[in-house]
Structures are given as C-alpha cells and as structure tokens.
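K.L.:
Sharing a structure with you now.
Coordinate-derived values only; no laboratory data. What you see is a predicted model, and the numbers here were worked out from it, not measured in a lab. Don't worry about glycine lacking a Cβ; one is built from the backbone with ideal geometry, like all the others, and counts go over all protein chains shown.
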Amino acid sequence: MARIQIELSAKEAARLNHMMDVCDFQTKKELFGNAFAALEWMVREKQVGRDVFSQGNSTDEKYYLQLPALQNVQQLSNLTKDIQESHRGSVSRAAIEKKIAV
C-alpha cells in the first residue's frame, strides 16, 4: 500500500474540508478516490478526442472544462496519432517535429 502526504495552505485545506462536507465524504481517502476517478475519466475522454463540459438542463450553453493537464493529454494524444500515421506514411516527419517544437 502506498502512502501519500501533501502540504496544503490554510486556504487549500479549507477548500478540501468544504468539498468533504458538500459531498459527505467521511475520509480524505474517499475524497481522493472520487477525485482520481473523475480525473481518470476526463483523461480517457480527451485521449479519444472528446471535450469535457457541463451543460444546463434548459439551455444549449456549454461550459468547457479548462485544465492544463487535460490540454497536455490532448496534445500528447494528437502527437501519438501523428506518429502512428507517420509510420503508415500519411503524416510527414517534419510536420511531427513542428508540433513537438511548439
């Protein structure tokens, strides 16, 4: 079993405790497990090219989740696809190198 220890500011600890109260979590392990499961799902969605957003019940307005980590996942997923396509000859090595340099 792995043990994880993190340091939080007073403000971050208050946010964590608030989320535990709102979600009725009894332990930080429970909060972490749920948060990790949500992150895993979001990563899988981005890996297959889907957006992650919320949408109101009575509107078509969408609020897209913007997380740097998810942007990284999308970029890496796109790069992996390009590399796979380059092996099939449909994307040039120069195009891939240009994406890496960005």
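K.L.:
Go through the stretch 1-15 and give me each residue that's exposed (fewer than 10 other Cβ atoms within 10 Å of the Cβ) and either assigned to a loop (DSSP other than H, G, I, E, B) or of a type outside the set (A, V, I, L, M) (or both).
P.N.:
MET1, ALA2, ARG3, ILE4, GLN5, ILE6, GLU7, SER9, LYS11
Yes/no matrix, rows are residues, columns are (1) more than 18 Å from LEU67 (Cβ to Cβ); (2) of a type in the set (Ser, Thr, Tyr):
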position: ALA10; (1), (2): yes, no
position: ASP24; (1), (2): yes, no
position: THR27; (1), (2): yes, yes
position: PHE32; (1), (2): no, no
position: LEU39; (1), (2): no, no
position: MET42; (1), (2): no, no
position: ASP51; (1), (2): no, no
position: SER54; (1), (2): no, yes
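K.L.:
What are the residues in the stretch 39-68 that are aliphatic (A, V, I, L, M) and surrounded by fewer than 11 Cβ atoms within 10 Å (Cβ to Cβ), if any?
P.N.:
Scanning the stretch 39-68 gives a single hit, VAL48.
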